[in-house]
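A quick write-up on the structure given underneath.
The values are calculated or read from the model by the stated rules, or taken from the named source; none is laboratory data. Being a predicted model, the structure only gives us computed values, none of them experimental. Heads up, the Cβs are rebuilt from the backbone with ideal geometry, glycines too, and the neighbour counts pull from every protein chain shown.
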Amino acid sequence: MPVLRLDKIISDCGYGSRKQVREMIKDGRVYVNGRCVSLPASTCCTESDIIELDGEKLNWNKFIYIMLNKPAGVVSATEDERDATVLSLLDERTQRMRVFPVGRLDKDTEGLLLLTNDGGFAHRVMSPKSDITKVYYAELAKPFTDKDILAFKNGICLGNGEVCLPASVEPLGGCSAYIRIAEGKYHQVKRMAAACGNKVLYLKRISIGKLELDTNLKQGESKLLSEKDIEKVFW
Ligand code: URA
């Protein structure tokens with residue numbers, strides 16, 4: 001059971017910098033197991049001790065994992081000079097927990113984006129070795145032909161000579177389709193469609209592994225993921 005300094009625990013929970021939290025503790029705003037503790041260097045067990053700030057019970061986790069329904073118009077980055085980032089869609093406390101997007105969706109792509117402060121998890125999700133299938137719903141300029149579908153299956157050769165791993169296209173009627181890929185190359189789906197002489201007009205990621213975008217999440221909304229949800233990414 002992790003035993004950590006009180007100021008670190010509270011800061012990790014996103015309530016402020018270590019300096020700000022030290023002041024909160026000195027001001028008598030923090031209670032541990034019902035008793036006011038005014039020493040920032042006091043240590044607490046993150047699992048068994050009950051820590052309260054201004055009467056609110058804290059829930060410390062080593063890492064957090066977030067599902068965001070990304071809208072178009074925001075960039076998958078932690079900071080950007082021109083555009084709003086996906087972080088701006090999270091509440092301030094969560095932003096202070098140093099989360100970052102796991103991979104990226106283009107500015108105009110919508111749907112499932114994971115955010116975390118766990119670098120190991122992000123690395124595992126993005127590694128081609130993990131072979132995680134991502135499913136996209138796409139609307140195209142024209143329907144894919146049988147020849148295109150076969151080309152996806154055999155591995156599309158992109159404009160620069162790069163060859164993609166086998167992918168699948170499931171036509172949904174009209175000009176829409178589900179596209180399943182196991183990699184995350186730059187603009188991959190758009191470039192695969194372009195290699196077939198087609199154009200993606202709308203793109204939304206709907207799953208990563210067996211983790212599906214929660215249809216209750218409106219655009220721009222997010223939710224914390226449970227351990228069980230996180231495991232689904234690797235199924
Ligand atoms: N492929 C793309 O072209 N864009 C995305 O945002 C994701 C996959």
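Some notes on this structure:
Here's the yes/no breakdown for (1) without any contact (Cβ under 8 Å) to a residue 60 or more places away in the chain; (2) more than 15 Å from the ligand (Cβ to nearest atom); (3) under 28 Å from K218 (Cα atoms):
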residue: R98; (1), (2), (3): yes, yes, yes
residue: E110; (1), (2), (3): no, no, yes
residue: L113; (1), (2), (3): no, no, yes
residue: V125; (1), (2), (3): no, no, yes
residue: P128; (1), (2), (3): yes, no, no
residue: I132; (1), (2), (3): no, no, yes
residue: L172; (1), (2), (3): yes, yes, yes
residue: H187; (1), (2), (3): no, no, yes
residue: A194; (1), (2), (3): yes, no, no
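- Residue in region 63-83 that is of a type in the set (K, R), crowded, with 17+ Cβ neighbours inside 10 Å and touching a Leu at 6+ places or on another chain (Cβ under 6 Å) present: yes
- Of the residues making up region 228-235, at least one is at pLDDT below 95 and either out of contact with any strand residue (DSSP E or B) (no Cβ under 8 Å at 6 or more places or on another chain) or part of a loop (DSSP other than H, G, I, E, B) (or both).
- Among the residues of region 50-84, the ones that are assigned to a strand (DSSP E or B), touching a residue at least 40 places away in the same chain (Cβ under 8 Å) and farther than 16 Å from R96 by Cβ come to 6 in all.
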